[in-house]
Structures are given as C-alpha cells and as structure tokens.
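Participant: Questions regarding the structure given below will be posed in turn.
The values are calculated or read from the model by the stated rules, or taken from the named source; none is laboratory data. These figures come from a predicted structure and were not determined experimentally.
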C-alpha cells in the first residue's frame with residue numbers, strides 16, 4: 001500500500017446547521033477518489049467514521065455493534081439519520097452506487 005496521508009484534507013462533519021450533509025458525502029467520495037488508491041471497504045468505512053465529529057460521532061458510537069456491513073449501509077444509515085433535517089440529501093441517496101457521476 002502506498003504511503004499516503006489520508007487524513008490530510010479529510011472533510012469533517014459536525015451536526016450543526018451550517019453543515020450540508022449532501023455536500024459532506026460528495027466531499028468524502030471526492031477525497032477518496034483524489035487519493036487514487038483502491039482502499040478495502042473496511043478502510044473506507046473507518047475513514048468515513050473519522051469524518052464524524054461532535055453529535056455526529058455520538059450518533060455513530062450509539063449504533064449497535066455489527067449494525068454496519070458496508071460503506072453503502074453506513075451512508076444509508078447516515079442518510080436516514082439526517083434526511084429530515086437536510087432535504088437536499090435526497091440528491092445523494094445511494095451515493096456509493098453513483099459516485100463516479102459526482103466526480
């Protein structure tokens with residue numbers, strides 16, 4: 001695996017009104033794409049978890065053990081959590097399947 005600082009420029013999400021959840025998901029996919037490394041999915045899940053701060057991190061930590069099986073599930077759960085607060089998120093529903101169209 002190439003030596004890369006995957007934390008550099010990693011987009012962060014805090015559950016505050018100024019954050020756009022849809023934009024965060026797109027920024028995450030763009031960040032991973034720019035690294036130009038085919039990370040295993042479990043690494044991508046850990047990377048996405050690392051983007052969550054404050055209330056969003058608390059939400060993640062409150063999830064039952066073994067409730068997330070893949071990055072798509074993680075993003076779907078994230079979508080379900082924030083879709084009412086952020087209606088624009090519908091634009092990136094199922095983003096993992098359509099990531100190349102965004103980039």
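Results for (1) modelled with pLDDT of 90 or more; (2) farther than 19 Å from residue 13 by Cα; (3) not in a helix (DSSP H, G or I), shown as yes or no for each residue.
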| site | (1), (2), (3) |
| --- | --- |
| 39 | no, yes, yes |
| 46 | yes, no, no |
| 72 | no, no, no |
| 98 | no, yes, no |
| 101 | no, yes, no |
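Participant: Sticking with this structure for a sec: Go through the stretch 48-70 and give me each residue that's outside any helix (DSSP H, G or I) and closer than 16 Å to residue 7 by Cα.
Facilitator: Pass one, the stretch 48-70, residues outside any helix (DSSP H, G or I): 51-53, 62-70.
Scanning the stretch 48-70 gives 51, 52, 53.
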